[in-house]
Amino acid sequence: MMRALVLLLLAAAAQTHRTDADADGADSPPDAAALLLLSKAPPSSFEFPAAPRFAGVVAPLAAAVDAKAIAPWLTRLTLFPERYYRSQNGAAAAHWIADQVRALPVPKGTKLTVSFFNHTDFIQPSVLVRYENPFVKNLTGTVIAGTHMDTLAQRHPLGQGGPNPGADDCASGSASLFEALRVLTTNNWVPGRAIEFHWYAAEEISARGSKEIANMYANKSIPVVAYLNVDQTGYVMPGTRPEVGIFSDYTTENATNFLSLIVEAYTGLPQVKNQRCGQECSDHVGWFRAGYESAFAFEGARKNGFPDIDVVNPDGSPLDTLEFINMTHVAVFAKNTIGFVVELSLAGTYNGTVPTSAASSRSSSNLLFGLLLQTTAGSFVCLFWVLGISLMLV
């Protein structure tokens with residue numbers, strides 16, 4: 001009887017937390033039984049920096065972001081007829097993204113791993129990319145930035161899986177993420193703690209892809225320093241200034257405040273803070289609900305976002321097309337992503353210096369041990385000096 005009551009309450013809760021896609025007739029969210037499987041992340045002892053510390057590292061990387069490199073990548077992604085989570089085109093888009101990542105050069109001593117997360121009841125996989133330095137042993141947790149690649153085409157004569165280029169939602173966020181990773185690897189940046197870049201399936205269907213992955217991380221007690229969500233980065237409403245929207249619901253205060261510092265330090269654009277979805281609107285929700293630090297960067301104030309997401313004209317002609325994309329604005333969010341992941345990856349290092357080989361790893365350990373001994377010895381000298389002065393005064 002009690003179990004039936006719990007299931008009934010959870011089912012009711014699921015109906016009150018719908019995304020825009022659900023409200024417009026998309027597939028329903030996972031059932032109440034699935035919600036019972038949600039896990040919570042392990043407690044984190046990570047302390048967010050009070051301010052960005054590695055401008056000498058981040059600024060040259062941010063300067064290397066190239067809107068001209070972004071444009072053909074984003075354009076190619078929109079050439080899939082659609083990227084629907086239940087279609088062969090949706091799966092092919094995921095494999096294309098993975099192939100683009102695999103083609104990136106990486107610095108010697110680093111490791112770039114590309115994997116697919118195959119979901120239980122739809123064909124499109126999520127793409128998970130891990131960039132790490134195997135010689136770093138003393139920095140725990142992973143920094144994750146994520147976006148989604150799938151599309152929806154409501155009002156299409158063929159149904160919601162019909163053709164839709166999804167240029168802003170969310171080829172733009174996908175391109176921002178890829179450009180950030182391209183800049184990091186091709187400019188020989190070596191991470192401290194590991195970073196991950198995720199391209200999710202089925203965001204348009206209650207963010208099912210990212211929720212499943214966040215739940216898996218929590219269930220396995222995988223430590224995550226923070227998750228940054230990058231959804232829609234390419235539209236600047238005519239007559240408005242370029243800006244960065246920062247959301248305050250389904251996010252955490254620590255990660256959100258740090259994102260604001262990053263935007264200020266590395267892009268200089270005005271910020272529109274305290275934006276709210278009012279519902280489970282994107283992929284940060286799953287990470288937040290799983291108990292991880294999370295933040296969400298958007299193309300501007302929510303009211304100024306691209307107005308025709310997830311829909312096409314009744315005759316099937318597209319609305320979310322390349323003509324509305326500002327590639328320079330997409331580049332801004334690549335810079336935001338670089339600043340966020342690099343600063344948190346290097347937090348806890350000395351001036352951003354990380355080992356790049358087993359030998360340098362031992363040297364770093366010896367240096368830290370030596371500094372500790374010096375500090376300890378100095379403390380004892382000061383203690384004896386104070387005791388000596390005190391005895392002389394007695």
| message | Condition check: touching a Phe, Trp or Tyr at 6+ places or on another chain (Cβ under 8 Å) and over 17 Å from residue 330 (Cβ atoms). Does residue 295 satisfy that? | response | yes
Residue pairs within 7 Å by beta carbon, gap of at least six or interchain, first lying in the stretch 127-140 and without any contact (Cβ under 8 Å) to a residue 24 or more places away in the chain, second surrounded by 14 or more Cβ atoms within 10 Å (Cβ to Cβ), listed first then second, are none
If we keep only residues of the stretch 189-232 that are among the polar types (S, T, N, Q) and on the phi > 0 side of the Ramachandran plot, then the residue modelled with the highest pLDDT is 232
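Let's see how each residue does on (1) of a type in the set (Gly, Ala, Ser); (2) open to solvent by 20 Å² or more (accessible area, probe 1.4 Å):
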| residue | (1), (2) |
| --- | --- |
| 75 | no, yes |
| 78 | no, no |
| 92 | yes, yes |
| 121 | no, yes |
| 130 | no, yes |
| 140 | no, yes |
| 145 | yes, no |
| 155 | no, yes |
| 166 | yes, no |
Checked 68, 111 against criteria (touching a Phe, Trp or Tyr at 6+ places or on another chain (Cβ under 8 Å), within 16 Å of residue 182 (Cα to Cα) and open to solvent by 50 Å² or more (accessible area, probe 1.4 Å)); the one match is 111
Pairing a residue in the stretch 239-254 that is without any contact (Cβ under 8 Å) to a residue 60 or more places away in the chain with any residue that is among the hydroxyl-bearing types (Ser, Thr, Tyr) and open to solvent by less than 40 Å² (accessible area, probe 1.4 Å), where Cβ atoms lie under 7 Å and the two sit 6 or more apart in sequence or on different chains, gives 246/256; 246/260; 248/256; 251/294; 252/294
When every residue in the stretch 195-230 that is surrounded by fewer than 23 Cβ atoms within 10 Å (Cβ to Cβ) and hydrophobic (A, V, I, L, M, F, W, C) is compared, the one nearest to residue 349 (Cα to Cα) is 222
When the stretch 187-227 is checked residue by residue, the ones that are over 30 Å from residue 160 (Cα atoms) and in a helix (DSSP H, G or I) are 217, 218, 219
The condition from (1) touching a helix residue (DSSP H, G or I) at 6+ places or on another chain (Cβ under 8 Å); (2) of a type in the set (D, E, K, R); (3) open to solvent by less than 30 Å² (accessible area, probe 1.4 Å) that residue 182 misses is numbered (3)
Restricting attention to the stretch 80-98, the residues that are touching a residue at least 40 places away in the same chain (Cβ under 8 Å) and touching a Phe, Trp or Tyr at 6+ places or on another chain (Cβ under 6 Å) number exactly 5
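Yes/no matrix, rows are residues, columns are (1) farther than 15 Å from residue 200 by Cα; (2) small (Gly, Ala, Ser); (3) in a loop (DSSP other than H, G, I, E, B):
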{"position": "51", "(1), (2), (3)": "yes, yes, yes"}
{"position": "58", "(1), (2), (3)": "yes, no, no"}
{"position": "61", "(1), (2), (3)": "yes, no, no"}
{"position": "74", "(1), (2), (3)": "yes, no, no"}
{"position": "77", "(1), (2), (3)": "no, no, no"}
{"position": "83", "(1), (2), (3)": "no, no, yes"}
{"position": "86", "(1), (2), (3)": "no, no, yes"}
{"position": "93", "(1), (2), (3)": "no, yes, no"}
{"position": "97", "(1), (2), (3)": "no, no, no"}
The one condition residue 160 fails out of (1) assigned to a loop (DSSP other than H, G, I, E, B); (2) surrounded by fewer than 24 Cβ atoms within 10 Å (Cβ to Cβ) is (2)
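The values are calculated or read from the model by the stated rules, or taken from the named source; none is laboratory data. Given the structure is predicted, the values throughout are model-derived calculations rather than measurements. Because the Cβ atoms are built from the backbone with ideal geometry, glycine has one as well, and the counts that use them run over all protein chains shown. The area values use the complete protein model at the heavy-atom level, side chains included, leaving out ligands, DNA and RNA. Shrake-Rupley method; radii C 1.70, N 1.55, O 1.52, S 1.80 Å.
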